[in-house]
Amino acid sequence: MADDDQPYVKPYGGPAGGWGSLKSVSKIIRKEKLSPANVLQLHRQNKAGGFMCVGCAWGKPAHSHIEEFCENGAKATAWELTSLRVTPDFFRDHTVSELADWPDHDLEQAGRLTHPMKYDAATDKYVAIGWQEAFTAIGEKLKACDPTRVIYYASGRASLETSYMYSLFARMHGSQNLPDSSNMCHETTSVGLKSAIGSPVATIQLEDYEHCDAIFYFGQNPATNSPRFLHNLQQCAKRGVEIVVFNPLKERGLERFTNPQNPVEMLTGGETPIATQYHQVRAGGDIAAILGMCKWLIEEDVTARAAGRAPILDHDFIEQHTVRFEDLAAKARDTEWVDLERESGLTRAAITAAAKVYAKSKAVIAVYGMGLTQHRHGIENLYGVVNLLLLRGNIGKPGAGPGPVRGHSNVQGQRTVGITEKPELAPLDRLKELYAFEPPREKGWDTVASVRAVLDGEAQAFVGLGGNFFRAIPDQDRVLPSWSELALTVHVATKLNRTHLIPGKESYILPCLGRIETDQQASGPQAVSIEDSFSHIYGSRGKATPASPHLLSEPMIVAEIAKATLEPNPKVPWDEWVADYAQVRDAIEDTYPELFGNFNERLFDKGGFWKGNAAAHRVWKTESKKAEFNAPTVLNAAGFDDVEGRYRLITLRSNDQFNTTIYGYHDRFRSIDGTRQVVMMCKADMTKIGVGKGDTISLVGDAGDNIARRIDGLRVVEYGIPEGCIGAYYPECNSLIALEHHALESHVPAGKSVPVRIEVAR
Ligand SMILES: Nc1nc2c(c(=O)[nH]1)N[C@H]1C(S)=C(S)[C@@H](COP(=O)(O)OP(=O)(O)OC[C@H]3O[C@@H](n4cnc5c(=O)[nH]c(N)nc54)[C@H](O)[C@@H]3O)O[C@H]1N2
Ligand SMILES: Nc1nc2c(c(=O)[nH]1)N[C@H]1C(S)=C(S)[C@@H](COP(=O)(O)OP(=O)(O)OC[C@H]3O[C@@H](n4cnc5c(=O)[nH]c(N)nc54)[C@H](O)[C@@H]3O)O[C@H]1N2
Ligand SMILES: [Mo]
């Protein structure tokens, strides 16, 4: 279906999951023309001894269901196992300029890349090149670069083994510029949770969902982005767990769910209501909403104790484990309800109702996603979550704690094994000792700094281990001209995407095996490993036939580029590592003995093995050695004021995409069909600006920096969203986001509250 067709919007009456989910899976299996053998691969998904889903990072239970995949996991598998191919003939038929006009969907839909390709500027085409020739040329070029000006990007999918080798190679080359998709995603978690509780990740494990009695749920969309979570949420709902949601949009999976793997529910049309309270907070309004809950709890605690009733707060915990409670209490007391109501967009009654649930619950999990991290004051959002949890000792006991839902399947693991631009997070001394080289010690470029370096002509080369960097970043129109000035661009990829179509002076596409495919090396078929959102580590074994006999594995591609670039170093056995990945795991264990003890023996443990977490044991690795309260310094996470005509744009994922991979044009739960060129807007705002459903409008960036940013031809869709907030799809709207509009400290682009104006074509 063409993207410029009329949007087709009709209310979706069904629950998340259900028949709609099964239909959606069978549609993609047909569209990708999956062979029967490849359809059977779905049975091996997320099971011990099978392969770990290439979609999201949700946990894999120790006792798996008959099918341990969801609608979107099945789509991700089908997308990788497609029988469609992008061969050298495809590139012979299309110039790069022509392909650059194709929609994202059509580029990836063309199929799996089959041969290594090099860009030829004379014909404006990619042409096939031999692997060895490509490695030698890339090595020569990298040697000629200043390593401190080379970007080594990683998207969060590559395995622990590949990621370890990749970050080691970058550092041996002399670069600490190791941005990763996490820089656009949960880096706010890594910085915020680290500073407040000393652990940069979730403190809970999957089993904690069996022990909580309330879930406070902020800015994450499970039906689309982590559908297997719906099973846990459904079980919680059935147990009577209170689920209190804060989200500007009504998201179907948080309202009700039918389990497509439960025949009784499917046949009887049974569905489980999920949220017990649903608060449509303004985009950027969570700091105020959470402070409102804290205010009620703190004030009510004083009243209760004065009246001789049981206290509401856990004073022993606060006393023993935390610092700066008084700062928060003072801020909560001093902030007026009118301000909290205005900034959150919620009534005092609604905030109080939520606080009452919190007060009576014994074990609370706080779930969150991009709705909290991708804001100018995203860190303060996370501080709010931690403040709330600390008030009643809800960290470090069963069924309680922060539960950030990570994105890419191994994004958390990549950080664990050294993909980071921050020298303090990498074991540099240990690497020096093991491999006898001098690792760079200065801070490298994160994503925002990398883009800045490209804009300023500082960066010389970009190497991408997966991902679609250019399409995922903000301010694309502004960056475009500088991108082609790069001396070298290298993309290790499975599918063709927009980033590949902006070649640097010399440019290569290196096609690799996917995780679901057999990876045959000298010692036999190989397994790899990944880490999920709960710090559990799992082995993954691909068994599908590779998309092309010419593909190489990611570890081999990394090793070959390293060998072509670096002086030989007998301490780094690149070839032995490629021959047997168990040896890479031994190296990981040597580097991080406390996290990866007996790595190879535990690789296929059911339910994975846990890396451990200090805060889960109430050991606080913070500056104060305690868990830290942080009184908010602002009430609005957006980082800009409300002025007449300015809207807060939320950039969103549809149910038919995985990041920049667009599977189709059907956002089932939001009932938007046939196009992604839409703006979701409430009735009151539509009336105010005088537009009706389906009318065409433009969005114009309002960053106040005199840089023109606009997108035309967007159709209005009426949607239940707070006034002053509008929604539109990522990545189509990324050129509206100023590079400088990012979270303070973590530098995550602030894609959930972008200042824009609306222009109506008259
Ligand atoms: N199928 C599929 N799965 C995916 C992905 C995908 O694209 N497709 N992407 C993967 C990746 S890398 C990631 S990071 C995750 C992303 O998964 P999520 O964290 O769910 O990310 P989004 O869909 O961008 O939006 C999150 C939610 O935040 C809400 N929101 C927006 N602004 C605010 C706010 O100010 N406050 C609150 N409380 N809520 C707000 C939005 O309405 C939306 O429901 O999913 C991963 N899984
Ligand atoms: N406005 C806005 N911008 C955003 C976001 C947002 O919510 N709003 N979300 C941000 C987030 S959370 C993230 S994580 C980033 C995502 O940014 P990225 O991780 O860079 O992007 P993806 O779309 O996941 O990358 C897709 C490409 O990965 C390649 N690929 C797939 N599988 C493999 C594999 O096994 N190996 C290799 N080598 N390559 C493979 C394919 O070629 C495919 O085209 O985008 C960010 N950008
Ligand atoms: Mo992400």
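For Asn613, the stated conditions do not hold, so it cannot be described as surrounded by 18 or more Cβ atoms within 10 Å (Cβ to Cβ), within 18 Å of Glu732 (Cα to Cα) and of a type in the set (S, T, N, Q).
If only residues of the range 159-198 that are under 18 Å from Phe470 (Cα atoms) and either of a type in the set (Lys, Arg) or not in a helix (DSSP H, G or I) (or both) are counted, the one that is nearest to ligand 2 (Cβ to nearest atom) is Cys185. Pairing residues of the range 151-171 that are within 16 Å of ligand 3 (Cβ to nearest atom) with residues that are aromatic (Phe, Trp, Tyr), at Cβ distances under 8 Å and at least 6 apart in sequence or on separate chains, gives Tyr153/Phe462; Tyr153/Phe469; Ala154/Tyr166; Ser155/Phe469; Ala158/Tyr166. Counting only helices (runs of 4 or more DSSP H) that sit completely within the range 70-114, those holding 3 or more residues that are within 17 Å of Gly55 (Cβ to Cβ) and in contact (Cβ under 8 Å) with a residue 40 or more places away in the chain correspond to 71-80. Filtered by the rule that a residue be over 29 Å from the mean Cα position of the chain (by Cα) and part of a helix (DSSP H, G or I), the range 356-379 gives Lys356, Val357, Ala359, Lys360. Of all the residues in the range 130-152, those that are out of contact with any Gly (no Cβ under 7 Å at 6 or more places or on another chain) and buried (at least 20 other Cβ atoms within 10 Å of the Cβ) number 8.
Just so you know, in the range 390-409 the residues that are closer than 16 Å to Leu193 by Cα and in a loop (DSSP other than H, G, I, E, B) include one that is nearest to ligand 2 (Cβ to nearest atom), and it is Arg406. For the range 381-403, does any single residue satisfy the condition of being aromatic (Phe, Trp, Tyr), surrounded by 24 or more Cβ atoms within 10 Å (Cβ to Cβ) and within 16 Å of ligand 3 (Cβ to nearest atom)? No, the range 381-403 contains no residue that is aromatic (Phe, Trp, Tyr), surrounded by 24 or more Cβ atoms within 10 Å (Cβ to Cβ) and within 16 Å of ligand 3 (Cβ to nearest atom). The residues listed here are Gly55, Gly17, Gly59; of these, the one that is at pLDDT below 75, within 15 Å of ligand 1 (Cβ to nearest atom) and either in contact with a Ser or Thr (Cβ under 9 Å, 6 or more places away or on another chain) or farther than 29 Å from Tyr209 by Cα (or both) is Gly17.
Scan the range 380-389 and give yes if some residue there is under 18 Å from Ala202 (Cα atoms), over 21 Å from the mean Cα position of the chain (by Cα) and outside any helix (DSSP H, G or I), otherwise no. Within the range 380-389, not a single residue is under 18 Å from Ala202 (Cα atoms), over 21 Å from the mean Cα position of the chain (by Cα) and outside any helix (DSSP H, G or I).
Filtered by the rule that a residue be away from ligand 3 (no atom under 16 Å from the Cβ) and over 21 Å from Asp641 (Cβ atoms), the range 357-380 gives Val357, Tyr358, Ala359, Lys360, Ser361, Lys362, Ala363, Val364, Ile365, Ala366. Of the candidates Ile419, Ile473, the single residue that is in contact with a Phe, Trp or Tyr (Cβ under 8 Å, 6 or more places away or on another chain) and either closer than 28 Å to His741 by Cβ or of a type in the set (D, E, K, R) (or both) is Ile419.
When Asp180, Asp208 are checked against the criterion of being surrounded by fewer than 24 Cβ atoms within 10 Å (Cβ to Cβ) and in contact (Cβ under 8 Å) with a residue 40 or more places away in the chain, a single residue qualifies: Asp208. Tally time: how many residues in the range 243-267 are touching a Cys at 6+ places or on another chain (Cβ under 9 Å), away from ligand 2 (no atom under 16 Å from the Cβ) and under 25 Å from Leu382 (Cα atoms)? Residues that pass the stated criteria total 1. Among the residues of the range 406-441, those identified as more than 16 Å from ligand 1 (Cβ to nearest atom), of a type in the set (A, V, I, L, M) and either crowded, with 19+ Cβ neighbours inside 10 Å or in contact (Cβ under 8 Å) with a residue 12 or more places away in the chain (or both) are Val417, Ala426, Leu428, Leu431, Leu434, Ala436.
Taking (1) of a type in the set (A, V, I, L, M); (2) part of a strand (DSSP E or B); (3) surrounded by fewer than 21 Cβ atoms within 10 Å (Cβ to Cβ) in turn, Ile215 satisfies each apart from (3).
When you scan the range 590-604, do you find a residue that is in contact with a strand residue (DSSP E or B) (Cβ under 6 Å, 6 or more places away or on another chain), in a loop (DSSP other than H, G, I, E, B) and touching a residue at least 60 places away in the same chain (Cβ under 8 Å), even just one? Yes, the range 590-604 has at least one match. Among the candidates Gly444, Gly467, Gly457, the residue that is under 26 Å from Ala76 (Cα atoms) and among the small types (Gly, Ala, Ser) is uniquely Gly467.
Anything in the range 524-569 that is at positive phi and either in contact with a Gly (Cβ under 9 Å, 6 or more places away or on another chain) or not in a strand (DSSP E or B) (or both)? List them, or say none.
Of everything in the range 524-569, just one residue is at positive phi and either in contact with a Gly (Cβ under 9 Å, 6 or more places away or on another chain) or not in a strand (DSSP E or B) (or both), namely Ser535.
Within the range 51-64, residues that are more than 16 Å from ligand 2 (Cβ to nearest atom) have Cβ atoms under 9 Å from residues that are assigned to a strand (DSSP E or B) in these pairs: Gly59/His536; Lys60/His536; Lys60/Tyr538, counting only partners at least 6 apart in sequence or on another chain.
The values are calculated or read from the model by the stated rules, or taken from the named source; none is laboratory data. What you see is a predicted model; the values in this text were computed from it and never measured. All Cβ positions, even for glycine, are placed from backbone atoms using ideal geometry, and neighbour counts span all protein chains on display.
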